[in-house]
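Each remark here refers to the structure printed beneath this line.
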Amino acid sequence: MSLDKHDLHHEFPEFNDAIHALKVGDPHFATLFAQYHEIDREVHRIEAGIENTADSYLEQRKKERLALKDALFQKLRAWPGN
């Protein structure tokens, strides 16, 4: 299992300014950002063995995290500062 960091600042360092601007200026982005990081922390705890769960649940959470990352990435790419 991979214990790599998946936080958005680590995943998309080139968008640090956009992430900050959208977190404070776009409530929908801020909500998606919070959901993404909540799921990311949960996945990390499961992968680290801190929490136990069924493999199917972990895979479901990873898919949810990926869908959120895709939605966030689209908003980052569309940010006027890019």
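List of remarks:
- Take each peptide in 26-34, 53-61, count the other Cβ atoms within 10 Å of every residue, and average; sorted highest first, the result is 26-34, 53-61.
- Under 15 Å, Cα to Cα: Lys pairs in the chain, sequence gap 8 or more or different chains: 4
- Relative contact order (percent, whole number), the chain, Cα cutoff 8 Å, 6+ residue spacing: 36
- The fraction of accessible area contributed by carbon and sulfur in the range 15-82 is 52 percent, rounded to a whole number (1.4 Å probe; ligands and nucleic acids excluded).
- Under 12 Å, Cβ to Cβ, from residue 51 - net charge with Lys/Arg +1 and Asp/Glu -1: +1
- Cα-based Rg of the range 7-58 normalised by 2.2 N^0.38 Å, two decimals: 1.37
The values are calculated or read from the model by the stated rules, or taken from the named source; none is laboratory data. Here the structure is a predicted model, which means the values were calculated and not measured. Because the Cβ atoms are built from the backbone with ideal geometry, glycine has one as well, and the counts that use them run over all protein chains shown. In case anyone asks, the SASA skips ligands and DNA or RNA and just uses the protein heavy atoms, side chains included. Shrake-Rupley method; radii C 1.70, N 1.55, O 1.52, S 1.80 Å.
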